[in-house]
Amino acid sequence: MGIQNEQLKEAADMILQAKHLVALTGAGISAESGIPTFRGGSGLWELYDPEEVASMSGFRRNPEAFWEFAQDLLLLEEASPNPGHEALAWLESAGYLNTIITQNIDFLHQKAGSKSVLELHGSLQEAKCLDCGREYKWSELTPIVKEEKIPICDKCESKRIKPDIVFFGEQLPQKTVDKAWKEVNKCDLMLVIGTSLIVYPAASLPSLAKERGADLIYNNKGSGEQDEIFDLVLTGPAARVLPRLIKLIKQV
Ligand code: OAD
Ligand code: ZN
């Protein structure tokens, strides 16, 4: 308890002094909203082979495998933001946080009220037919998925309607990448939350920021792949740690 409080106070001071704060988030921040992470004990990649269900070549070969995996993505639509997302939205509205760079596709930062959100891995809001280009809203497709059927393009009858999320083997959306890298170059503090820092290029952002002279804070439930590069580590669930952190900031 004692040490954690000291660390929280140190983190609050760093945030208060920062001129340009950027947050980088991953699946862990949405864990308390009931969304499974990808790695670790009950992670999605224990249940599914990402090469099969979330790669470009897998999808072209066998779109059915993605739609089976999509059963587990249905809950994203109904999920609500948790106190971790809300804490970040407050930090932005109070003028302490400039931008969130997220790897998440769940839209929960925006649902919590965050305005400046860069979605590096896309978002589960839209979809597009790979064969004829017809665009769909994800919400148009979910009723079909709920019946355990596969959406078929009503223009060209293709089975390859792909959601607007980044699959393995695909480039990240260029405009978002450009904005994110600019933010990383500008920041003097980066708050990294709920990500294992395994998947590149997102995983390179903290070390890039550090090379530019920024300080780094890590809030994660367990250890990740790059714990040693951080100036301060706050271990614990984001939905509990972040509200405690902003409470200290509000007291100033
Ligand atoms: P991971 O599943 O790899 O890592 C989630 C991290 O969150 C782990 O290090 C956990 O310890 C931590 N964690 C779990 N519960 C938490 C909690 N309540 N509070 C804080 N931390 C918690 O997820 P990402 O790093 O986001 O990409 O994964 C990166 C990318 O890999 C994803 O965007 C996805 C996936 O393949 C694509 O689909 C392109
Ligand atoms: Zn089509």
How many residues are closer than 15 Å to Pro50 by Cβ and open to solvent by less than 10 Å² (accessible area, probe 1.4 Å) when one looks only at region 189-201?
0
Of (1) away from ligand 1 (no atom under 14 Å from the Cβ); (2) at pLDDT 95 or above, Ala87 satisfies every one except (1)
Contact list please: Cβ distance under 7 Å, first residue in region 27-47 and under 21 Å from Val241 (Cβ atoms), second residue more than 16 Å from ligand 2 (Cβ to nearest atom) and acidic (Asp, Glu), pairs at least six apart or on different chains.
Ser30/Asp106; Ile35/Asp106
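Look through region 89-139, keep the residues that are basic (Lys, Arg) and within 16 Å of ligand 2 (Cβ to nearest atom), and return whichever of them is farthest from the chain's Cα centre (by Cα). Quick ask: steps written out before the conclusion?
The initial filter retains those residues of region 89-139 that are basic (Lys, Arg), namely 111, 115, 128, 134, 137.
The next check asks that each one be within 16 Å of ligand 2 (Cβ to nearest atom); those that pass are 128, 134, 137.
On the way: Lys128: 21, Arg134: 27, Lys137: 20 Å.
That would be Arg134.
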Residues of region 46-68 being loosely packed, with under 15 Cβ neighbours inside 10 Å and within 23 Å of Ala31 (Cβ to Cβ), which ones?
Glu46, Leu47, Asp49
Test Leu216 against the criterion of being on the phi < 0 side of the Ramachandran plot, touching an Asp or Glu at 6+ places or on another chain (Cβ under 7 Å) and within 16 Å of ligand 1 (Cβ to nearest atom), and give yes or no.
yes
Which residues, counting only those in region 1-54, are modelled with pLDDT of 95 or more and either in a strand (DSSP E or B) or among the β-branched types (Val, Ile, Thr) (or both)?
Ile15, Leu21, Val22, Ala23, Leu24, Thr25, Ile29, Ile35, Thr37, Val53
Quick one: Pro151 ticks every box in (1) open to solvent by less than 10 Å² (accessible area, probe 1.4 Å); (2) farther than 20 Å from Gly34 by Cβ; (3) assigned to a helix (DSSP H, G or I) bar one, so which box is it?
(3)
For region 113-129, what are the residues that are away from ligand 1 (no atom under 16 Å from the Cβ) and open to solvent by less than 60 Å² (accessible area, probe 1.4 Å)?
Gly113, Ser114, Ser116, Cys129
Residues of region 96-148 classified as in a strand (DSSP E or B), farther than 30 Å from Leu242 by Cα, of a type outside the set (A, V, I, L, M, F, W, C) and in contact with a Leu (Cβ under 8 Å, 6 or more places away or on another chain), total:
0
When region 154-171 is examined, which residues are found to be in a loop (DSSP other than H, G, I, E, B) and either surrounded by 18 or more Cβ atoms within 10 Å (Cβ to Cβ) or within 16 Å of ligand 2 (Cβ to nearest atom) (or both)?
Asp154, Lys155, Cys156, Glu157, Ser158, Lys159, Arg160, Val166, Phe167
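If I ask for residues that are over 15 Å from the mean Cα position of the chain (by Cα) and either open to solvent by less than 10 Å² (accessible area, probe 1.4 Å) or within 16 Å of ligand 2 (Cβ to nearest atom) (or both), which ones from region 202-219 would you list?
In the first step, residues of region 202-219 are kept if they are over 15 Å from the mean Cα position of the chain (by Cα); the result is 207-217.
Of everything in region 202-219, those that are over 15 Å from the mean Cα position of the chain (by Cα) and either open to solvent by less than 10 Å² (accessible area, probe 1.4 Å) or within 16 Å of ligand 2 (Cβ to nearest atom) (or both) turn out to be Ala209, Ala214, Leu216, Ile217.
The values are calculated or read from the model by the stated rules, or taken from the named source; none is laboratory data. Remember, it's a predicted structure, so these values are computed and weren't measured experimentally. Please note: Cβ atoms are built from the backbone with ideal geometry, for glycine as well, and neighbour counts cover all protein chains shown. These area figures cover heavy atoms from the full protein model, side chains too; ligands, DNA and RNA do not enter into them. Shrake-Rupley method; radii C 1.70, N 1.55, O 1.52, S 1.80 Å.
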